[in-house]
Amino acid sequence: MSLTNDDLLAISDMMDKKLQPINNRLDKIDDRLDSLDDRLDSLDDRLDSLDDRLDSLKFSQEHITEKLKGIEVTMNYNDYHLSHDIRKLQEDVDTISEILKINKMIPIAK
């Protein structure tokens, strides 16, 4: 028994009808995946923007860190010299005080 073209066409139509619900469901899934893909693209763009902002913040933080290191060096330098100058000033005051005591220009504490 051989099938005629009409038989084959009828079988094809029956298969199309049987597969139509599956095709409809696959179309819906495809639409949902397209929507999900759009949302993921949007999320990817937002993450790229966040990455750029984080890179900018990291650069700023590194720049501030370098400035703070420079300030720290300056403060240490100034602290050293200020301490040295205060010691020198105290020595000068002590010398003046002794000279004034020797010349009896200030009373000597007993």
What number, rounded to the nearest 500 deg cm²/dmol, is the helix-based mean residue ellipticity at 222 nm of the chain, given -39500 (n - 2.57) per DSSP H run of at least four residues and division by all its residues? -34500 deg cm²/dmol
Once Lys17 and Asn76 are pulled to full extension, the length gained, defined as 0.36 nm per residue separation minus their Cα-Cα distance, is 12.5 nm
Any chance you could run the full-extension gain for Lys104 through Leu47? It's 0.36 nm times the residue separation minus the Cα-Cα distance, nm to one decimal. 12.3 nm
Where the chain is the region considered: accessible area per residue in Å², 1.4 Å probe: 98
Can you tell me the Rg and Dmax of region 1-87, counting just the alpha carbons, in angstroms? 36.3, 121
Roughly how big is the chain's charge dipole about its Cα centre, with Cβ charges of +1 (Lys, Arg) and -1 (Asp, Glu), in debye to the nearest 20? 1360
Give me the percent of accessible area attributable to carbon and sulfur for region 1-98, probe 1.4 angstrom. 57
If you fit an axis through the alpha-carbon atoms of helix 5-102 and take the longest principal axis of the Cα set of the chain, what angle between them do you get, 0 to 90°, nearest 10? 0
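The values are calculated or read from the model by the stated rules, or taken from the named source; none is laboratory data. From a predicted model like this one, the values you see are computed outputs, not experimental measurements. When we count neighbours, we look across all protein chains shown, and the Cβ atoms used for this are built from the backbone with ideal geometry, even at glycine. Ligands, DNA and RNA are excluded from the accessible area calculation, which covers all protein heavy atoms including side chains. Shrake-Rupley method; radii C 1.70, N 1.55, O 1.52, S 1.80 Å.
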